[in-house]
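Asks: Supplied in structure tokens, the structure appears directly below.
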Amino acid sequence: MLRLRRAAATLLPLRAGVATAAMSTLLVSQPGYAWLRELGLQEENPGVYNGRWGGRGQVVMSFCPANNEPIASVRQASLEDYEETVKKAKEAWKVWANIPAPKRGEIVRQIGDALRQKIKVLGSLVSLEMGKIFVEGVGEVQEYVDVCDYAVGLSRMIGGPVLPSERPGHVLIEQWNPVGLVGIITAFNFPVAVYGWNSAIAMICGNACLWKGAPTTSLISVAVTKIIAKVLEDNKVPGAICSLACGGADIGTAMAKDERMDLLSFTGSTKVGKQVALMVQERFGRSLLELGGNNAIIVFEDADLSLVIPSALFAAVGTAGQRCTTARRLFLHESIHDDVVTKLAKAYAQVHIGDPWDSDTLCGPLHTKEAVKMFLDAVEQAKQQGGSVVYGGKVINRSGNYVEPTIVTGLPHNAPIVHTETFAPILYVLKFKEEEEVFAWNNEVKQGLSSSIFTKDLGRVFRWLGPKGSDCGIVNVNIPTSGAEIGGAFGGEKHTGGGRESGSDSWKLYMRRSTCTINYSKDLPLAQGIKFQ
């Protein structure tokens, strides 16, 4: 990890806020950011790819959250660009679907290798444009690489069972085929990994993909697509297999309403996800939703506090509280509450907040100025509802979107602000007495993404995993709520959307299933013994 952090020094200047001779120029034009050229980025970048690069929409500037300076701009897709891209992607699918799955897997393997070669420079771009610390930026690219490796093996394993038939001379099989065109709308907080989870699996299943990333991380979308496009072109397959249409709500709405979009994967807020789901359902389309999370860690009196403190710190402060799996509620048994709060506050005091590429930084900036305002509003609401800020709670007076990681105590478990997901490093610490009540409190929020308990009681562990335990899609024991591995299915229940991405059998969401009955006899017996003659 330290090697990765130190490597950032060769890619990024030590301080984002250092004055330069030309503060008005774009960062991409400054000598200290010349490494951006390695990713093919220019002052203005085309935001549409469908085998060719282009774009006739609005030009949107991308800013660095660490200093709010402009990096470079992206010309987004117009609706005409979108229409052209969908047509080319559908045509490309006809070629891609005919390629055997293991050969598709080989091309996905090459994409993973191409990402490996650019992992540090691409991770640096994630730090620069999204704001997460360098090791997390590199880790996010590594996640895409890992999913590519996983998908390669999966390309030789996907398929359905052969089932026994009740009729002589008959056989039942399950046939799995690609859905066709998969639309992928991703959020700012994981601008590389979430696209990787979806696209790598969708591709080996035989689908073409159309990606719309977050407008505030468009440079990352362009850079990743350039890497993928070269691999596709080198293999002499249509580049439109992995199309890109940078844009805002107009492009997202078009994707949701478009009947040619055979599956729409959406990652974002619950509010917008609900709108997307309704638009897709209106046309009886298929959607995969990965939405918000109001995640809880529960610490019982027998917990190992040497695990609890670093786990809560990482889960609440990592990525400046901007993961969908960030811990936002910490339930502490009343007998250990004060001790844990004291230890946790001391740990918070050791967290270095600063430029994402500094080797000592653990907490970078929030992504936008609007996020800073949301942070301040949430802290004020917590105070008004009876909470006490025992650590943090303020904006840091420096360039960029920096806030103090914050601990709030004294609120009831059902306080309105506790039930509100705020995308910022705010942790609400709450007391409990009994297992049954705290399990219920874990489940009482509308979202159901990630959850974790800390205990040594084996019976309690299995009650937590059982039908009366956590109702989340991710149910952990003695580890944080965040930091999921790619081998398991990722997603959650209730207002989190119910979708599953990445590992396990998530591949089934990118395919359509047919039950096939084959008669290899000369007779025509009917099921259930029916006689029709």
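The values are calculated or read from the model by the stated rules, or taken from the named source; none is laboratory data. Remember, it's a predicted structure, so these values are computed and weren't measured experimentally. Note: ideal-geometry Cβ built from the backbone for every residue, glycine included; neighbour counts use all protein chains shown. Only protein heavy atoms, including side chains, enter the accessible area calculation; ligands, DNA and RNA are left aside. Shrake-Rupley method; radii C 1.70, N 1.55, O 1.52, S 1.80 Å.
Asks: Which percent of the accessible heavy-atom area of region 135-183 goes to carbon and sulfur, probe 1.4 angstrom?
Replies: Of all accessible area on region 135-183, carbon and sulfur atoms account for 55 percent.
Asks: Another question, if that's okay. For region 126-139, what does the Karplus curve 6.51 cos²θ - 1.76 cosθ + 1.60, with θ = phi - 60°, yield as ³J(HN,Hα) per residue in whole Hz, taken in order and with x for Gly and Pro?
Replies: These are the phi-based 3J(HN,Hα) values: 4, 4, 5, 8, 8, x, 6, 5, 4, 5, 6, x, 5, x Hz.
Asks: A follow-up question, please. Whole angstrom only: what separates the Cα centroid of region 358-423 from the Cα centroid of region 52-79?
Replies: Each part reduced to its Cα centre gives a spacing of 29 Å.
Asks: Follow-up question, since we're still on this one. Considering only Cα-Cα distances, which of the following residue pairs are longer than 28 Å: 94/522; 394/433; 274/433; 120/346; 226/446; 90/226?
Replies: Values: 94/522 36 Å; 394/433 31 Å; 274/433 35 Å; 120/346 32 Å; 226/446 39 Å; 90/226 20 Å.
Over 28 Å apart, Cα to Cα: 94/522; 394/433; 274/433; 120/346; 226/446.
Asks: Select from 326, 125, 244 the residue farthest towards the positive end of the dipole of the chain; place +1 on Cβ of Lys and Arg, -1 on Cβ of Asp and Glu, and compute about the Cα centre.
Replies: Farthest towards the positive end: 244.
Asks: Let me ask something else about it. What length, rounded to one decimal in nm, is gained on full extension from residue 281 through to residue 444, with 0.36 nm per residue of separation minus their alpha-carbon distance?
Replies: 56.0 nm
Asks: Given H placed 1.01 Å from N in the peptide plane, which residues other than close sequence neighbours of residue 45 have an amide H under 5 Å from its amide H?
Replies: 73, 74, 75
Asks: Kindly write out, for region 452-458 in residue order, the coupling ³J(HN,Hα) from the Karplus curve 6.51 cos²θ - 1.76 cosθ + 1.60 (θ = phi - 60°), rounded to whole Hz, with x marking Gly and Pro.
Replies: 7, 10, 10, 6, 10, 7, 5
Asks: For residue 117 and residue 87 in the same chain, what is the full-extension length gain: residue separation times 0.36 nm, less their Cα-Cα distance, in nm?
Replies: 7.6 nm
Asks: Where the centre of each part is set by its Cα atoms, how far does region 303-332 sit from region 112-177, in angstrom?
Replies: 27 Å
Asks: Okay, moving on. Relative contact order of the chain: what whole-number percent is it, with Cα pairs under 8 angstrom and at least 6 residues apart?
Replies: The normalised contact order for the chain reaches 17 percent.
Asks: Using only alpha carbon pairs under 8 Å that are at least six residues apart, calculate the relative contact order of region 56-151 and give it in whole percent.
Replies: Value for region 56-151: 26 percent.
Asks: Work out from phi, with θ = phi - 60° and the Karplus expression 6.51 cos²θ - 1.76 cosθ + 1.60, the ³J(HN,Hα) of each residue of region 418-434, listed in order in whole Hz, and give x for Gly and Pro.
Replies: Using θ = phi - 60°, the values come out as 5, 8, 9, 7, 10, 7, 6, x, 10, 10, 8, 9, 10, 8, 9, 10, 10 Hz.
Asks: Rounded if a/c is under 1.5, else prolate if a/b beats b/c, else oblate: with a ≥ b ≥ c from the C-alpha gyration tensor eigenvalues square-rooted, which is region 71-171?
Replies: oblate
Asks: Please give the per residue volume of the convex hull enclosing the alpha carbon atoms of region 154-303, rounded to a whole number of Å³.
Replies: Per-residue hull volume (Cα only) is 219 Å³.
Asks: Continuing with this model, one more query. What are the aspartates and glutamates whose alpha-carbon lies under 14 Å from the alpha-carbon of residue 456, with same-chain residues fewer than 8 places away excluded?
Replies: 301, 302, 304, 435
Asks: When the dipole is taken about the Cα centre of the chain, and only Lys, Arg (+1) and Asp, Glu (-1) are charged at their Cβ, what size is it in debye, to the nearest 20?
Replies: That gives the chain a dipole magnitude of about 1080 debye.
Asks: Between region 188-208 and region 233-274, how far is it from one alpha carbon centroid to the other, in angstrom?
Replies: With region 188-208 and region 233-274 each reduced to a Cα centre, they are spaced 11 Å.
Asks: If you take all C-alpha pairs in region 392-471, what percent of them are over 18 Å apart?
Replies: Counting every Cα pair in region 392-471, those more than 18 Å apart make up 53 percent.
Asks: What is region 383-439 by shape, rounded, prolate or oblate, if you read a ≥ b ≥ c off the alpha carbon gyration tensor as root eigenvalues and call it rounded for a/c under 1.5, prolate for a/b larger than b/c, and oblate otherwise?
Replies: It is prolate, given that a/c is not under 1.5 and a/b is the larger ratio.
Asks: For a quick protection proxy, order the peptides 180-188, 340-348 by their average other-Cβ count within 10 Å, most packed first.
Replies: 180-188, 340-348
Asks: Hey, for a label at residue 271 modelled as a point 7 Å past Cα toward Cβ, could you say which residues of region 383-423 have their backbone N under 12 Å away?
Replies: 421-423
Asks: Still on this model: Modelling each spin label as a point 7 Å along the Cα-to-Cβ direction, I'd like the residue 350/residue 79 distance in nm, to one decimal.
Replies: Inter-label distance under the simple model: 5.6 nm.
Asks: Moving on. Quick query: amide H of residue 265 versus all other amide H atoms, modeled in the peptide plane; which residues come in under 5 Å with a sequence gap of 5 or more or a different chain?
Replies: The answer is 183, 184, 185, 288.
Asks: Write down the accessible area per residue of the chain in Å², having rolled a 1.4 Å probe over the full set of protein chains.
Replies: Ligands and nucleic acids excluded, the figure is 41 Å² per residue.
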